[in-house]
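The values are calculated or read from the model by the stated rules, or taken from the named source; none is laboratory data. What you are looking at is a predicted structure, and each value in this text was computed from that prediction instead of being measured. Methodologically, a virtual Cβ is constructed for each residue, glycine included, from the backbone with ideal geometry; neighbour enumeration extends over all protein chains shown.
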Amino acid sequence: MIHRFILSLIIVASVFGCSPSVVVERPTLVGAPGTDVGIVGPALSAEYIIQPGDRLDIKFFYNSEMSDFMTVRPDGRISLQLVGEVMAAGRTPQALTDLITQVYDKELKNPEITVIVRSFGARIYVDGEVEKPGEFELSGPLTVMQAISRAQGTTEKAWQEVLVIRRIRGKEPLVIPVDISAVLTGEDFSQDIGLVPFDIVYVPRSPIANVNLWVDQYIRRNIPIGFNLFFPVN
């Protein structure tokens, strides 16, 4: 319920211009999860990029007592024996392996180390008129249509335009309208943009022409609290 309330606030403020801190952009490129996060989507990455929440298995072949399992913290760092903290997020497993080997080179003789990603912490969220709303693991390149497919597709009440809500650290949040009908007909595959960790894909029920009607349909029927206490509807 809390997730739906927060999502509702973002969508109303974004679509109807109620908040100056939200940017609405039309998609122009197809992207996929990677290191170069832009306005519409990140650049395609040939390798997986470690994210906060990932579970790492760090193996020392000749110093097994140093081997460890650890989770990448929200700040992207991990804590290692003898050498302290290392930035793991934003690097490929091979790049992190090279970095850890380098920092341990002063502590161990000829360290042989490897980093294995055992589980993935990055998630995306699909809500609205889909058969199975929820959060889904983001372990590799994923587009809007693929995310909707993971949610078992849209319902018969779904509208043809969906919204991708993207939060980028240090920048204004983005709301990206995506015309999925253009993708389904083959008219414009560039609409099927790549998702990045913690994107929200929202599938509306119908054109949101009247904000009060939409608030009644989506918010008041799903949030068991007085919405007027938090957001003006008139």
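Data overview
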quantity: Residues satisfying the stated conditions in region 177-234, i.e. modelled with pLDDT of 85 or more and outside the structural domain of E161 (by TED's automatic domain parsing); calculated: none
quantity: Qualifying residue in region 57-80 (condition: modelled with pLDDT of 90 or more and under 27 Å from M145 (Cβ atoms)); calculated: no
quantity: Within region 109-132, tally of residues that are of a type outside the set (D, E, K, R), farther than 30 Å from G153 by Cβ and either at pLDDT 90 or above or touching a helix residue (DSSP H, G or I) at 6+ places or on another chain (Cβ under 8 Å) (or both); calculated: 5
quantity: Leading residue by the ranking (farthest from the chain's Cα centre (by Cα)) among those in region 98-121 that are hydroxyl-bearing (S, T, Y) and surrounded by 16 or more Cβ atoms within 10 Å (Cβ to Cβ); calculated: Y104
quantity: Qualifying residue in region 67-74 (condition: part of a strand (DSSP E or B), among the hydrophobic types (A, V, I, L, M, F, W, C) and surrounded by 14 or more Cβ atoms within 10 Å (Cβ to Cβ)); calculated: yes
quantity: Residues being surrounded by 14 or more Cβ atoms within 10 Å (Cβ to Cβ) and within 21 Å of P111 (Cα to Cα) - total across region 84-97; calculated: 9
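Here's the yes/no breakdown for (1) touching a residue at least 12 places away in the same chain (Cβ under 8 Å); (2) part of a helix (DSSP H, G or I); (3) under 15 Å from E65 (Cα atoms); (4) not charged (D, E, K, R):
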site: I78; (1), (2), (3), (4): yes, no, no, yes
site: E85; (1), (2), (3), (4): no, no, no, no
site: L96; (1), (2), (3), (4): yes, yes, no, yes
site: L99; (1), (2), (3), (4): yes, yes, no, yes
site: V103; (1), (2), (3), (4): yes, yes, no, yes
site: E107; (1), (2), (3), (4): yes, no, yes, no
site: R118; (1), (2), (3), (4): yes, no, no, no
